[in-house]
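Encoded as structure tokens, the structure appears first; notes follow it.
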Amino acid sequence: MKITSSNNNIKIIGNIKSVRHYNDIKAAIDVLVKDYNQINLYLLNSISITSSVIGYLCKLIDKGHLIELYIANEDLHELLDDLNLLQTFKVQQIAI
């Protein structure tokens with residue numbers, strides 16, 4: 001998995017599937033939330049997302065941050081729909 005960030009945008013390439021991935025994503029977001037209230041996450045080809053990442057994003061929303069997910073993989077979009085998280089994370093499906 002590779003993470004890049006610019007302004008309030010984080011792009012994640014690869015599958016999100018391990019505790020290390022969670023730690024890397026959390027560290028990248030922690031840097032941005034100091035300066036930005038809205039964080040845009042671009043999940044460019046991940047087919048899954050760990051519960052720890054979902055929990056962390058929910059915690060940020062509870063603290064008043066706006067999280068927007070831009071998802072390229074249809075299966076991940078369906079998973080977030082099944083979990084009733086599309087509105088919570090303002091999920092938008094994108095083409096890459």
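The values are calculated or read from the model by the stated rules, or taken from the named source; none is laboratory data. Because the structure is a prediction, the values reported are computed rather than measured. A quick note on method: Cβ atoms are made from the backbone with ideal geometry, for glycine too, and the neighbour counts reach across all protein chains shown.
Within the stretch 26-72, the set of residues being in contact with a Ser or Thr (Cβ under 7 Å, 6 or more places away or on another chain) and either among the small types (G, A, S) or over 17 Å from K90 (Cβ atoms) (or both) comprises A28 only. The single condition among (1) exposed (fewer than 15 other Cβ atoms within 10 Å of the Cβ); (2) in contact with a strand residue (DSSP E or B) (Cβ under 9 Å, 6 or more places away or on another chain); (3) of a type in the set (S, T, N, Q) that Q87 does not meet is (2).
For L32, the requirement of being modelled with pLDDT of 95 or more, among the aliphatic types (A, V, I, L, M) and buried (at least 16 other Cβ atoms within 10 Å of the Cβ) is met. Restricting attention to the stretch 1-22, the residues being part of a helix (DSSP H, G or I) and surrounded by 12 or more Cβ atoms within 10 Å (Cβ to Cβ) number 2.
Screening R20 against (1) over 13 Å from the mean Cα position of the chain (by Cα); (2) farther than 15 Å from M1 by Cβ leaves a single unmet condition, (2).
Of all residue pairs spaced 6 or more apart or on separate chains, those with beta-carbon atoms under 6 Å, a first member in the stretch 68-96 that is among the basic types (K, R) and a second member that is not in a loop (DSSP other than H, G, I, E, B) are K90/E68.
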